[in-house]
Amino acid sequence: PDTELYSTFRANNANRRSMVYVGANDGMLHGFDATTGEELFAYVPGRLLGKVSELTNPDYEAETYVDGRMSVVDAYDEFPACGVGQSCWRTILVGSLRGGGQGIYALDITDPEAFVAAVILTFHFFLLLWQHELVGLDQAP
């Protein structure tokens, strides 16, 4: 990738809202404004959608859900936010479930202001890049 293009990306995002991302045992990855502590979004990985309702059960026993490692990187590729057939720099969060199940997901977290404006449909088309269940990795061949 063109380093000048990356320099422009970094300069354009130097003053974006600072965020803190936290995986939790409520089945969600939460995104908080680092200054105010306001929660801007929560993402439930598809594999956990059926488990979230268990949290309201009075007999619920705590389980681990979104407790895997996360990495945040700037990447240059074709992302939905770039436009069809276009490549651009974006900031990507890749996370995993670990105890919540064998799964990984990638979110485009370049623009935290988009979290505030997003409706569920928009979130899935632009912020959620992909999610995958990793089936059978805990079983011997």
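The values are calculated or read from the model by the stated rules, or taken from the named source; none is laboratory data. Given the structure is predicted, the values throughout are model-derived calculations rather than measurements. Every residue, glycine as well, gets a Cβ built from its backbone with ideal geometry; the counts of neighbours run over all protein chains shown. To get the accessible areas, we keep the full protein, side chains included, count just its heavy atoms, and leave off ligands, DNA and RNA. Shrake-Rupley method; radii C 1.70, N 1.55, O 1.52, S 1.80 Å.
Please indicate, with yes or no, whether at least one residue in the range 76-88 is open to solvent by 30 Å² or more (accessible area, probe 1.4 Å), hydroxyl-bearing (Ser, Thr, Tyr), more than 14 Å from the chain's Cα centre (by Cα) and modelled with pLDDT under 85.
Checked the range 76-88: no residue is open to solvent by 30 Å² or more (accessible area, probe 1.4 Å), hydroxyl-bearing (Ser, Thr, Tyr), more than 14 Å from the chain's Cα centre (by Cα) and modelled with pLDDT under 85.
Give 69, 10 a once-over and let me know the one that is out of contact with any Cys (no Cβ under 7 Å at 6 or more places or on another chain), at pLDDT 80 or above and within 21 Å of residue 128 (Cβ to Cβ).
69
Can you tell me which of (1) modelled with pLDDT under 80; (2) basic (Lys, Arg); (3) open to solvent by less than 70 Å² (accessible area, probe 1.4 Å) is the one residue 98 doesn't meet?
Only one criterion in (1) modelled with pLDDT under 80; (2) basic (Lys, Arg); (3) open to solvent by less than 70 Å² (accessible area, probe 1.4 Å) is unmet by residue 98, namely (3).
Are any residues in the range 51-78 within 23 Å of residue 20 (Cα to Cα) and aromatic (Phe, Trp, Tyr), and if so, which ones? Steps first, please.
First, pick out the residues of the range 51-78 that are within 23 Å of residue 20 (Cα to Cα): 52, 63-76.
Scanning the range 51-78 gives 65, 76.
Name the single residue, out of those in the range 101-141 being acidic (Asp, Glu) and at pLDDT 85 or above, that is least open to solvent (accessible area, probe 1.4 Å).
Residue satisfying both the conditions and the ranking: 108.
When you go through (1) at pLDDT 85 or above; (2) open to solvent by 70 Å² or more (accessible area, probe 1.4 Å) one by one for residue 49, which number turns out not to apply?
(1)
Residue 14 versus (1) part of a helix (DSSP H, G or I); (2) within 27 Å of residue 89 (Cα to Cα); (3) among the small types (Gly, Ala, Ser): which is the lone unmet condition?
All conditions are met except number (1).
If a residue has to be part of a strand (DSSP E or B) and either over 23 Å from residue 113 (Cβ atoms) or in contact with a His (Cβ under 7 Å, 6 or more places away or on another chain) (or both) to count, how many in the range 22-71 make the cut? Can you show your working first?
Within the range 22-71, the subset part of a strand (DSSP E or B) is 22-23, 29-33, 39-43, 70-71.
This time we only want the ones that are either over 23 Å from residue 113 (Cβ atoms) or in contact with a His (Cβ under 7 Å, 6 or more places away or on another chain) (or both), so: 22, 39, 42.
Number of matching residues: 3.
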